[in-house]
Amino acid sequence: MCGIVGLVGFDAPLERVQGLVTRMNAHIAHRGPDGEGLIAHPDATLAMKRLAIVDVEHGRQPMANEDESVVLVYNGEIYNAPQLRRELENKGVRFRTRSDTEVILRLYEQDPNDVERHLVGMWAFAVHDRRRRRVVLSRDRFGIKPLFIADTGRSLAFASELRCFDRSLDGFARLFEVDHDAAHAMVSWSYIPEAATIYKGVHRLAPATRLTIDLATGTRTSERYWELHPSADAAAVRSLDEACEGTEALLRRAVKEHLESDVPVATFLSGGIDSSLVTAYAHDIAPGTIKAYSIGFAESYFDESPFARQTAEKLGVPIAVAMFDEATARARLPDALLAYDEPFGDSSSLATYLLSSHVARDYKVALGGDGGDEVFAGYKKYMVAHLRRPFAAVPRIRDLVGHALGKVPVVHDRTRAWTEVLRTVRRVSRGLVGSDAHVYTQLTQVVSLAHTAPLMREATNPARFELEAHVRFERAHGNELQRSLATDLGSMLCNDMLVKVDRASMACHLEARVPFLDHRVAEYGVGLPEVYTLGERTRRWSGKRVLRTLHERRFGSALANRKKHGFGVPVERWLRGPFDAACERLFARERLDRYGILSSDELGDGGFRKWVGVDPVIVWHAFALAAWCEANLGDGPGALRSLLDAS
């Protein structure tokens, strides 16, 4: 696991370019405290920071082949690297290290246009092919590892995090104008969707995408090397036992490969289905070597630690649980917010940061359960496929019912039980009205763009994000549920869940691995008939039926069928109480007017309290955006820390 940066085709003395890339690299020291490297060349200068996990002694980067015609920097882990190395050695290829970095390098040497197809894992890599005078950038199938690109048309910079870019660099400054449409989208979604970033001229390399820069002509060529196709073998499954057998075999293999490491491996254990299965299989494969980690909160709605303890006890796995009271958790909030290089409003980011910092005291690698909900239909919103089907012949009646339910008032406050009923009714209403693609997009948003428009200082047009989601939904393969899963795996997962885990863990020098996102597991899970994922229509919806069954067989029905908890912190209560003073300062009229993104009329002069009363989660999104503005457009991280000191 590492962080990578580079500058391609920049017309300046090599010594200056080397200095620029060195400074870019310094901004991601947290991603790789074990080593660093840089190779400068008139065409492209590449650098990286290393967190040493495999072949600790010899896996240094940048890595070049013998004649230095191919140079590679790479962030990630290739879990089938031992198998690929054996196959290449059988073809006569000689290796100098045991690192997975060299496996990518040798695959590129064998066939530069056919590398990614062979890889099982997570990656963002850059290859400088000096013989062919080109640079190749590639990102893994699900976007587990980040890669940002700033391209002037003449020069191109890339980096693992937005904070690496020099916004004043010759020719690049115009790329860093704030994208108000993206800011508005963030307030509705909690994250910036699709390939956009907060800056108009900077984008993410999309998952499963390779970008080739021809250094002779300046041509950029982007191509997708993989698409999610539901597994035909999974589609042929005809019993729950068969579904369980197939799923378990694939997941066990994925966990075994994810345990490949020269340093000890821990697990994140919430006590939920996904992390419990990962921990169980890891313990089966490497008994006596796995330790689980969890956190807990005084607020019972957010505290899953009792379930984590029960799970660990049943497995006979040692567990370390860190309990956080409100004051301690809030004191860590500045660190958690500053871990994110982009505006990010998912309130579970603080919990993820606290858990990562807890694990990182003892370990450099941890396995988690992320991806299980998206692959095996674990969210309530996926039930819409069942709700819409009876109305297939009468869409007008379906829309009328949806519009009627949409008139029910809703409060986005997870700390009050009665609001969950209202939120469920609202989700149902949004799930009934319109086309499949329209419904999909509506259900990915926390609230609609129209609802959050008053919070923005100027009129925006973020509808392009909805259109892009529509296009991806229509392009996806399979039935409505399968297209929803595939579309979530292509954007919501990588821009929300995986951003959350990557930034929080790497800020603590910790590598987080996600076995559910082995692409073979994903293809199988998405391919299963709905009855084995969503569950039977005649029974109370539970979701993830096949995983729930595997979990129940291992841990019993009480743990398997308990109500799903969110992994988060009580930001609703904090905003109404102890964070009120911090909001007053962060939403001060003069501060909001200075950045020109959020509306001072709505949020300034205490106006935020009106929104806290009905939509505290949306205020938290705005709070995170305002915090990012202060740290990145304003007086810097120190100023943000002072503003958040509510004592």
Within segment 199-236, the residues that are within 16 Å of the chain's Cα centre (by Cα) and not small (Gly, Ala, Ser) are HIS203, ARG204, LEU205, PRO207
In segment 39-51, is there at least one residue being polar (S, T, N, Q) and part of a strand (DSSP E or B)? yes
Can you name every residue in segment 458-478 that is over 18 Å from ARG224 (Cα atoms), open to solvent by 20 Å² or more (accessible area, probe 1.4 Å) and in contact with an Asp or Glu (Cβ under 8 Å, 6 or more places away or on another chain)? THR460, ASN461, ARG464
Filter segment 585-635 down to residues that are touching a His at 6+ places or on another chain (Cβ under 6 Å) and among the charged types (D, E, K, R), then give me how many there are. 1
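Taking the options GLU116, GLU102, GLU109, name whichever one is open to solvent by 20 Å² or more (accessible area, probe 1.4 Å), in contact (Cβ under 8 Å) with a residue 24 or more places away in the chain, farther than 18 Å from GLY6 by Cα and not β-branched (Val, Ile, Thr). Walk me through it before giving the result.
Details: GLU116 fails: open to solvent by 20 Å² or more (accessible area, probe 1.4 Å); GLU102 fails: open to solvent by 20 Å² or more (accessible area, probe 1.4 Å).
Going through GLU116, GLU102, GLU109 in turn, the sole match is GLU109.
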Do any helices (runs of 4 or more DSSP H) lying entirely in segment 426-490 carry at least 3 residues that are modelled with pLDDT of 90 or more and closer than 22 Å to LEU387 by Cα, and which ones are they? 463-475, 480-490
Top-ranked residue of segment 606-622 - restricted to ones that are free of Cβ contacts under 8 Å to residues at least 60 places away in the same chain and under 29 Å from the mean Cα position of the chain (by Cα), ranked as surrounded by the fewest Cβ atoms within 10 Å (Cβ to Cβ): VAL612
So which pairs qualify, if the first residue must be in segment 55-80 and acidic (Asp, Glu), the second must be surrounded by 22 or more Cβ atoms within 10 Å (Cβ to Cβ), the Cβ gap must be under 7 Å, and the two must be at least 6 apart or on different chains? ASP55/SER99; GLU77/MET1; GLU77/ILE53; GLU77/ASP100; GLU77/GLY121; GLU77/MET122; GLU77/ARG513
May I ask you to verify whether ASP241 is among the charged types (D, E, K, R), free of Cβ contacts under 8 Å to residues at least 12 places away in the same chain and outside any loop (DSSP other than H, G, I, E, B)? yes
Would you please list the contacts, defined by Cβ atoms under 8 Å and residues six or more apart or on different chains, that run from a residue in segment 593-605 that is free of Cβ contacts under 8 Å to residues at least 24 places away in the same chain and open to solvent by less than 30 Å² (accessible area, probe 1.4 Å) to a residue that is basic (Lys, Arg) and in a helix (DSSP H, G or I)? GLY604/ARG589
Please give the number of the condition ALA254 fails out of (1) among the small types (Gly, Ala, Ser); (2) closer than 30 Å to PHE324 by Cβ; (3) under 25 Å from the mean Cα position of the chain (by Cα); (4) open to solvent by less than 30 Å² (accessible area, probe 1.4 Å). (2)
Can you name the residue in segment 28-62 that is β-branched (Val, Ile, Thr) and more than 25 Å from the chain's Cα centre (by Cα) and, of all such residues, is least open to solvent (accessible area, probe 1.4 Å)? THR45
Take the conditions closer than 30 Å to SER160 by Cβ and either at pLDDT below 95 or not in a helix (DSSP H, G or I) (or both) and apply them to VAL569. Does it pass? yes
Can you find a residue that is open to solvent by less than 20 Å² (accessible area, probe 1.4 Å), part of a strand (DSSP E or B), more than 20 Å from ILE28 (Cβ to Cβ) and at pLDDT 95 or above anywhere in segment 135-148? yes
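The values are calculated or read from the model by the stated rules, or taken from the named source; none is laboratory data. Predicted model only: the values in this text are computed from it and were never measured. Heads up, the Cβs are rebuilt from the backbone with ideal geometry, glycines too, and the neighbour counts pull from every protein chain shown. Accessible surface is based on the protein model in full, side chains and every heavy atom, while ligands, DNA and RNA are left aside. Shrake-Rupley method; radii C 1.70, N 1.55, O 1.52, S 1.80 Å.
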